[in-house]
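Take a look at the structure set out below.
The values are calculated or read from the model by the stated rules, or taken from the named source; none is laboratory data. Computed from a predicted structure; not experimentally measured. Note that we place each Cβ from the backbone using ideal geometry, even for glycine, and neighbour counts take in every protein chain shown.
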Amino acid sequence: MKEPLDFADPTLYQNPVPAFNKMREEHPVFWSDSAGSWVVSRHADVVRVLNNLEDAQASLFKINDYAEQCPFGKGTAISRGIENALVTTDLPDHPRLRRHTAPLLTRRSVERDYAETVEQTVIALLEGIEEDTRFDVLDSISVPLPLAVVTKLIGFDAED
């Protein structure tokens, strides 16, 4: 059977919305060889999985296959970062790492510590887009915005 969603297919990233909608309707939970993990696409299912991680028999967070395909190469800082990121770790590391980061990411702390950074970054990103021009929100905002917030979170200035 053909995989419902092939994350290795570059055409997916040109317009993923129809593919994601179809996946949610027809295959809300499936094993992805290209991602090397289970794909769970409906909110209620994701909540159920995240609330029962101890009972999960399959690895839901490992995407080390992606790290191996990293264009910068296996063993580079980027691929190690992918392998050891919070969202790609299994038990028992995931809850341990999450305990350390959760206090930094509460609604109150984000509003208090990062609202200004988020607002300034969004304004700068939007000002960099020419008026009446089509642009990709993912490339233009969704990637650089969290990067700017994480950069501030770990203590670097945006210039650095």
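Looking only at the stretch 122-135, decide whether some residue is modelled with pLDDT under 80 and surrounded by 13 or more Cβ atoms within 10 Å (Cβ to Cβ). Yes; the residues of the stretch 122-135 include at least one that is modelled with pLDDT under 80 and surrounded by 13 or more Cβ atoms within 10 Å (Cβ to Cβ). Residues that are assigned to a loop (DSSP other than H, G, I, E, B) and exposed (fewer than 13 other Cβ atoms within 10 Å of the Cβ) were ranked within the stretch 9-53; the one that is farthest from the chain's Cα centre (by Cα) is N52.
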